[in-house]
Structure formats: structure tokens, C-alpha cells
1. Mind counting the residues in the stretch 184-219 that are farther than 17 Å from residue 157 by Cα and either touching a helix residue (DSSP H, G or I) at 6+ places or on another chain (Cβ under 8 Å) or part of a strand (DSSP E or B) (or both)?
2. Take the stretch 299-314 and flag every residue that is in a loop (DSSP other than H, G, I, E, B) and in contact with a helix residue (DSSP H, G or I) (Cβ under 9 Å, 6 or more places away or on another chain).
3. Would you check if residue 246 is modelled with pLDDT of 95 or more and either within 30 Å of residue 450 (Cα to Cα) or in a helix (DSSP H, G or I) (or both)?
4. Among the residues that make up the stretch 250-258, is at least one of them part of a loop (DSSP other than H, G, I, E, B) and crowded, with 17+ Cβ neighbours inside 10 Å?
5. If I filter the stretch 151-163 down to residues being buried (at least 22 other Cβ atoms within 10 Å of the Cβ) and within 19 Å of the chain's Cα centre (by Cα), which single residue comes out as farthest from residue 322 (Cα to Cα)?
6. Counting only residues that are in contact with a strand residue (DSSP E or B) (Cβ under 9 Å, 6 or more places away or on another chain), over 26 Å from residue 190 (Cα atoms) and free of Cβ contacts under 8 Å to residues at least 40 places away in the same chain, how many does the stretch 316-375 have?
7. Before we move on, is residue 336 buried (at least 22 other Cβ atoms within 10 Å of the Cβ), at negative phi and assigned to a helix (DSSP H, G or I)?
8. Could you please give the count of residues in the stretch 102-125 that are closer than 30 Å to residue 41 by Cβ and not in a helix (DSSP H, G or I)?
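The values are calculated or read from the model by the stated rules, or taken from the named source; none is laboratory data. Small disclaimer: the values here were computed from a predicted structure and weren't measured. Note: ideal-geometry Cβ built from the backbone for every residue, glycine included; neighbour counts use all protein chains shown.
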């Protein structure tokens with residue numbers, strides 16, 4: 001081990017921290033072959049949580065022995081071989097479920113311990129890994145899915161992301177962090193990587209140096225969602241691309257050595273940044289990196305929320321990319337294989353995951369676009385989706401997740417489809433549904449956020465329900481959505497949303513987005529509308 005665990009004698013370490021002092025999480029990779037050979041019953045219960053370091057969570061109920069697996073995909077970019085490998089794993093072992101996450105990764109379900117060694121072998125042959133997909137470790141590095149093809153990006157970040165990924169992957173100097181640690185890297189001018197909700201983000205910036213305009217990054221730290229969401233703070237530094245690894249190592253080291261390890265719910269970097277403030281954090285950072293230049297000029301122009309629908313010109317002459325809608329990020333293996341075939345036929349074989357749970361197929365020649373769009377699969381997965389389902393995001397939910405309180409993914413799809421059938425809106429509405437406060441579906445940044453809860457109905461029976469939040473964005477530094485008072489039974493959710501959206505449509509300015517509407521009018525009128533509806537169903 002190349003560092004001293006200066007927290008090891010802390011008298012108030014939580015149980016997970018004590019366990020990690022006894023055994024590094026990455027060592028679970030060494031144990032899996034034994035467990036695979038001897039069955040799920042051979043795994044001590046106290047080892048269950050350590051499987052996270054191998055990208056594995058036990059599904060609900062844990063005792064049944066089925067795992068969810070998450071695969072690391074830096075910037076969401078897959079080669080054709082990798083996409084096909086993942087599809088075949090979902091087909092052979094995952095009961096046909098292939099999910100795209102809000103961090104551009106891929107998840108499988110229904111895996112058993114005896115299957116894991118073969119799955120690992122297949123992933124390794126394709127240049128993929130699950131290490132760092134879960135656990136108290138550096139997670140999948142998110143980036144722009146347009147990296148290298150974006151006509152407006154400052155510069156291509158693919159090699160930088162790969163450099164960071166290879167440095168931190170399976171690096172035991174950084175495999176015992178206080179909690180998960182999320183990095184984003186992007187020079188997309190429309191914040192494709194959701195920089196404000198990551199632990200450390202590298203965002204596009206300029207700097208005038210000796211009369212020359214230099215391209216590089218500003219650095220944001222301390223963002224994150226869950227039950228205590230915080231927007232990242234921008235440090236007063238400017239770095240060039242060759243400095244990104246040094247700065248990433250320094251930020252991660254500060255988190256490792258100074259982050260809180262007493263309470264699991266208070267251990268993310270955001271709490272340390274909130275207590276220290278950006279100035280003190282910068283001072284500590286410079287102790288590790290040496291002098292860095294002060295901030296330059298922010299190059300960002302807005303926020304696209306990770307949506308790239310339609311066919312667009314690339315920076316490469318004569319080539320195009322297509323943004324494709326995948327409802328709530330769920331595909332079957334056959335659908336993935338068909339998309340891989342199409343990408344191979346019309347492009348260079350790549351498939352790129354977006355943090356909106358959608359896909360991009362790049363490198364389509366001008367002369368092939370018309371034929372590309374005629375492929376039958378785009379009837380189900382359109383490049384120009386409807387206004388609600390096309391902008392709906394959902395976490396895994398109670399179907400598989402031990403933390404979730406309600407069903408989410410299929411419910412979000414069903415509700416969105418019904419609303420699209422019943423409403424004619426002039427603008428898309430971003431709706432995110434989550435099954436618990438951890439907010440894997442990023443509820444706080446949605447125009448309409450739906451958070452699952454339990455409540456007693458009129459018959460005093462506990463039922464699935466939702467709280468409604470409105471007005472979230474990451475535009476201009478970000479603003480989290482605000483909670484409307486009242487609880488909505490799951491069976492009433494579609495009707496409540498329809499009522500709110502009809503009211504929005506009738507009282508909005510033409511072309512005004514839902515976020516802009518909330519900014520202009522506040523939450524009062526929406527609250528009154530919700531109150532009226534809830535009173536009507538309570539009678």
C-alpha cells in the first residue's frame with residue numbers, strides 16, 4: 001500500500017470502515033472464483049456488501065442470491081465488439097434485461113454467483129470491467145457522448161478520460177474512499193456531463209496567457225444528489241489538459257485522507273467541501289499539485305440535459321451522428337444486437353450511451369443517412385421522440401433494488417406513454433422518477449421530479465405513492481427542484497400529472513419550458529392545482 005490510512009485509529013468509524021480496514025474491497029475479485037465454485041451459500045453474509053467493488057449488488061430479496069451487475073463504460077463509448085459482448089451477456093445470463101444508467105454504464109440483472117467468472121472473462125476479452133462501477137471507489141467516469149465528433153467541443157477528451165480510467169481502475173491507493181467518488185470530464189459547451197452533480201468535474205474553459213487564448217478546464221468540486229443534494233463549487237483554478245491527471249489524483253487524495261468516515265450518510269465529498277469552502281479546498285489542493293493558474297473564462301453556453309435527438313453534422317466532413325431514444329434506458333439483447341448491426345453497417349460500429357439513458361450512433365456518411373433512418377428498429381426507438389416519454393428518466397426501482405420503496409421503471413414508461421397519447425404539448429417536459437431518496441434517477445434536476453414513498457390510503461393501508469418536485473435544472477450553475485406539498489398514490493399519478501400538465505399548457509407562454517414556467521410563476525399556482533385535485537380524490 002502506497003499511503004498511510006491516517007483515519008484507522010479514529011474511535012467513531014462506522015462498521016463499513018472497520019470492515020474496509022480489515023480487507024480492501026478490491027480483494028473480493030480474488031474470492032469470487034471460490035464462491036462461484038461452491039455456491040451462494042458459501043458466501044458469508046458479512047461479505048455481501050463487499051461485492052460492490054466488483055460491480056455487483058444483491059437484488060431484492062438478497063437471500064435469493066441474484067445479483068445486479070454494472071459495467072464501467074468511460075464516457076459511455078462502446079466499440080461494436082463491446083456492445084455485442086454486453087448484449088450476449090444479457091441474453092445468456094441476464095434474462096434479457098439490458099439497462100443504460102444515468103452514468104452511461106450498462107446494468108444486468110438476475111445473475112448468479114456461478115455465472116460471474118464466465119461473465120468476467122467475456123468482459124475482459126472485450127476490454128471491459130466492472131471494477132469501480134460500485135463501491136467506495138472512483139466510479140465510471142462520465143463525459144460527453146459526442147467526444148471527438150462534436151463540432152463545437154473545445155477539444156477531444158477521450159484520451160484524457162481513458163488516462164484517468166486506467167490510472168484509477170483497480171488502484172488500491174484509491175479503493176478505500178469514504179464513499180463513492182464521481183468524476184466527469186467534458187468540453188461539450190452544453191454541459192453534457194452534468195458537471196454540477198459530480199464530486200469533481202472538469203469543464204470547458206479558456207485562459208488568456210501571454211496574449212494567446214489557451215483551451216483547458218475549470219474545476220468544480222463537491223456536487224452530488226441523494227437526500228442532501230448539493231451543487232458543485234467552482235475552484236479558482238484553470239488547468240491545461242496535461243494537468244488533469246495530477247489534479248484528479250489530488251482531489252481524490254484529499255477526499256481519501258480528509259473525508260468523513262463516521263456516518264455513511266455524511267461521507268460524500270460534498271460535505272467536506274461544504275464545511276471547508278472552495279477557498280480552503282483550493283489551498284489544500286495546491287499543496288498536492290503545486291501552483292496552478294487562476295480561473296479564466298467559462299466556455300459553457302448552456303445545458304442540454306444529455307439529449308441529442310435527431311441527425312447532426314459531426315466535426316468530420318461528410319459524417320453525421322444520430323441521437324436515438326431508448327424508453328427509460330431499457331433494451332433487450334436482440335435490440336442491442338440490431339443496433340450494433342446498424343452501427344456497423346452505416347458507421348464505424350460504435351454505440352455511445354448518454355446520461356439521459358439514450359444512445360448515439362456516430363460516423364454515418366451523408367449519403368447513408370436516408371437509408372439509416374429507414375431501418376425498422378427506429379419505429380420503436382425514434383430519433384424524434386414524443387414530448388414526455390422522450391424526456392423521461394427512471395432508476396431501477398423496487399423490481400430489483402433493495403433501497404427502493406416503489407416500482408419505477410415500467411411505471412414511468414407506462415405513465416409517459418399515456419400522457420403522450422392524451423396531451424399535445426409544444427415543448428418537451430423532463431420527468432425523472434426515483435424509488436428512494438438516493439436519487440439514482442437524478443430527481444432533483446428534473447423539471448418534474450417524482451420520488452417514491454409509502455403512505456396510508458383512505459383505508460389506512462400502506463400503498464406506493466409519490467412526492468412531486470418541480471423546477472429543476474443544471475442551466476447556469478443549476479437549481480434543484482422544489483417540493484409540492486401532498487402525497488399522490490401511485491394509482492393516481494398519471495391523472496395528477498395530466499392535470500398539472502394541462503394547467504401548464506393552458507397558462508404558459510408559447511414556447512415556454514416547464515422550468516421557465518416555474519421560474520416565472522413560482523410554485524404557488526401548481527400547488528393550488530395539486531391541492532384541488534387531492535381534495536377531490538380524498539372525498
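1. 8
2. Across the stretch 299-314, the qualifying residues are 300, 302, 303, 305, 307, 309.
3. yes
4. The answer is no; no qualifying residue exists.
5. 161
6. 3
7. Against the criterion (buried (at least 22 other Cβ atoms within 10 Å of the Cβ), at negative phi and assigned to a helix (DSSP H, G or I)), residue 336 qualifies.
8. 8
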